[in-house]
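A.B. asks: Here it is, the structure, as structure tokens.
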Amino acid sequence: MLSKKYRLLEGTRLNESITTPFFVIKTAKNEKAYSRFGFTVSKKIDKRAVVRNRIKRQVRSCVEQNLEKIKPGRDILFIIKKGAVGKETGTLCQTVLKEFEKNKFLNNALKKET
């Protein structure tokens, strides 16, 4: 689980939006020395909390594993779409990293190692 300092606060304004088949990423710059993350899964995706929580855990684990590679100073919210239901963790993680790389959210020095 992400430590409290890396969690996005409720009511944070996010102005940029990135769309993928599995989720929408909303971002904004913050004045902190670290990035903060939030994850939401609507009941429209699946009525069962077990399914919604599993998807959140999958995406959150990818962010946790790559936290040191992500540039500081951003607020990032993942709004999960129905396409993510039943996908493997590796597939979701590759999509997250691909979008972060495309939108320059990864540190350049650490990005070359992967």
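A.B. asks: Could you tell me which of the residues Leu14, Leu2, Leu9 is farther than 15 Å from Glu99 by Cα, exposed (fewer than 12 other Cβ atoms within 10 Å of the Cβ) and either at pLDDT below 95 or among the hydroxyl-bearing types (Ser, Thr, Tyr) (or both)?
C.D. replies: Checking each option against the conditions leaves just Leu9.
So that you can scan it fast, the table gives a plain yes or no per residue for (1) over 10 Å from the mean Cα position of the chain (by Cα); (2) more than 18 Å from Phe105 (Cβ to Cβ):
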residue	(1), (2)
Leu8	yes, no
Glu16	yes, no
Lys26	no, no
Lys32	yes, no
Phe39	no, no
Ile45	yes, yes
Arg57	yes, yes
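The values are calculated or read from the model by the stated rules, or taken from the named source; none is laboratory data. What you are looking at is a predicted structure, and each value in this text was computed from that prediction instead of being measured. Positions of Cβ are backbone-derived with ideal geometry, glycine not excepted, and every protein chain shown enters the neighbour counts.
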